[in-house]
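Colleague: Can you read through this structure? Questions will come right after.
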Amino acid sequence: MDNIISFIVALIVAAITYSTPLLFGTLGEILTEKSGNLNLGVEGIMYMGGAIGLGGVFYYEKLAGSPNGYVAIVVAILFAFIAGAIASLIFSFITITLRANQNVTGLALSIFGTGVGQFVGEYMRVREGGYVSISNELKDFFIASPFPKFLQDIPYLGKILFSHSFFFYLAIVLAIVMHFFLKKTRKGLYLRAVGESPATADAAGINVTTNKYLATIIGGGISAIGGMVYITTLAGCTWNHEGLAGFGWLAVALVIFCMWRPLSAIWGSVLFGALMILYTRLQIPFVPTEIYKILPYVVTLVVLIISSIRNNKEKQPPASLGLAYFREER
């Protein structure tokens, strides 16, 4: 019995570790899509956030000599957010101002961002003559739990609730704040109105362009933080140009799975994290690992089909998602 409980606890802990980058990516895309913009460039944005966030910390440590761990975390978040915000600003200009097709632009951004992230990462690696990594002392700040050890040592629950990195708890807080913003504030109501019917929102005096720009840029910045979290926690603060592959697409799928709800993204990301690493924990003979890896997408398809059959408005995407707004056609 103890072995079974230990296995379950270890699986949950590993799932939460893998879920943290996904949660940031998903929350950023939820905010973007609530404005009616469909940004399929999350994969590229996360790559840029991972490479540039790590680069910020790496060169901060070189310049500082004796870096402060808390400052390093702030630097990583800031550099990653700025990278994602700039990429999303380009996407916003093309799709909102120039009214280009959002699907095509998002796919182009995914390719462009992946290329930029890999170029920056490999450029730093070649320039430094080996690999780009930070000191072990600084790594501890990125992976250590913010809670005291006596809480982490609580049997079973301590590992599940209190043993994770600072970024997981930051993502939880962000999800809660985003939920209250969208549901309980006037600005959040305006943003949802823009996503549902930009023409109606415009007629009511809501600035459609400003809301779309802000939601897309901030959402892209949040998603980019997810890429940085992957590199600084799962990848051990060492640049890995292949490690992030697929995380952005999983985040887009998770947005659909959690029905565009920030709070649902918390448990949804943990579930996806568990499905991602299940093949390393539970191996069934004659079942290839590729079957395990497609499970998140299969689950998303099932949820999408069920929600479409039920035709529940609360579980549908914003009505104007993916559509350019032409004010002159109002």
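The values are calculated or read from the model by the stated rules, or taken from the named source; none is laboratory data. Small disclaimer: the values here were computed from a predicted structure and weren't measured. Quick reminder, even Gly has a Cβ in these numbers, built from the backbone with ideal geometry, and neighbours come from all protein chains shown. Accessible surface is based on the protein model in full, side chains and every heavy atom, while ligands, DNA and RNA are left aside. Shrake-Rupley method; radii C 1.70, N 1.55, O 1.52, S 1.80 Å.
Colleague: Let me know the charge dipole size of the stretch 159-204 about its Cα centre in debye, to the nearest 20, where only the beta-carbon of Lys, Arg (+1) and Asp, Glu (-1) is charged.
Modeller: That gives a dipole near 220 debye.
Colleague: On to the next question. What does the C-alpha gyration tensor say about the overall shape of the stretch 1-46? Classify as rounded when a/c is under 1.5, otherwise prolate if a/b is larger than b/c, or oblate. Walk me through the intermediate numbers first.
Modeller: Details: a/c = 5.71, a/b = 3.38, b/c = 1.69.
Since a/c reaches 1.5 and a/b is larger than b/c, the shape of the stretch 1-46 is classed as prolate.
Colleague: While we're here: Please say if the stretch 1-114 is rounded, prolate or oblate, where rounded means a/c under 1.5 for a ≥ b ≥ c the square roots of the C-alpha gyration tensor eigenvalues, and otherwise the choice is prolate for a/b larger than b/c and oblate otherwise? Let's see the in-between values first.
Modeller: Values: a/c = 2.97, a/b = 1.30, b/c = 2.29.
It is oblate, given that a/c is not under 1.5 and a/b is not larger than b/c.
Colleague: Using DSSP H assignments, which helices in the chain have an axial alpha-carbon span of 24 Å or above and a mean Kyte-Doolittle hydropathy of 1.6 or higher? All intermediate terms of the calculation are to be shown ahead of the outcome.
Modeller: Working: long enough: 2-34 (44 Å, 1.19); 42-64 (32 Å, 0.78); 69-92 (34 Å, 2.42); 102-127 (36 Å, 0.37); 166-184 (27 Å, 1.89); 208-229 (32 Å, 1.00); 262-281 (28 Å, 1.26).
Helices passing the filter in the chain: 69-92, 166-184.
Colleague: Taking only Cα atoms of the stretch 61-154, what ratio of Rg to Rh do you get with Rh as the Kirkwood inverse-distance radius? Mind dumping the intermediate values first?
Modeller: Working: Rg = 18.6 Å, Rh = 16.5 Å.
Rounded to two decimals, Rg/Rh equals 1.12.
Colleague: Still on this structure: In whole angstrom, and with the biggest value first, how far do the Cα coordinates of the chain range along each principal axis?
Modeller: 60, 51, 40
Colleague: Taking the alpha-carbon distance from LYS139 and a cut-off under 29 Å, which lysines remain once sequence neighbours fewer than 8 residues away in the same chain are dropped?
Modeller: Within the straight-line cut-off, LYS139 pairs with LYS62, LYS149, LYS159, LYS293.
Colleague: In addition: What accessible surface, in Å², does a 1.4 Å probe find on TYR279, ignoring ligands, DNA and RNA and rounding to the nearest 10?
Modeller: My reading of the accessible area for TYR279 is about 60 Å².
Colleague: Between SER145, SER66, SER320, find the one with the highest GNM mean-square fluctuation for the chain; connect C-alpha pairs within less than 10 Å.
Modeller: Maximum fluctuation in the GNM of the chain, among the listed residues, is at SER66.
Colleague: Using a 10 Å cut-off on Cβ atoms, rank the peptides 20-30, 119-129, 98-108 from the highest mean neighbour count down. Don't skip to the answer; put the middle values down first.
Modeller: Numbers: 20-30: 31.5, 119-129: 14.5, 98-108: 16.2.
Top to bottom by mean Cβ count within 10 Å: 20-30, 98-108, 119-129.
Colleague: Express in Å², to the nearest 10, the accessible area of TYR156 obtained by rolling a 1.4 Å probe over the protein heavy atoms while all chains stay in place.
Modeller: 100
Colleague: Taking the Cα centre as origin and putting +1 on Lys and Arg beta-carbons and -1 on Asp and Glu beta-carbons, what dipole magnitude results for the chain, to the nearest 20 debye?
Modeller: Numbers: 22 positive and 17 negative charges, 166 e Å.
Using only the charged Cβ atoms, the result is roughly 800 debye.
Colleague: So, one more: Could you give the accessible area per residue of the chain, probe 1.4 Å, as a whole number in Å²?
Modeller: Details: 15840 Å² over 330 residues.
Here the residues of the chain average 48 Å² of exposed surface.
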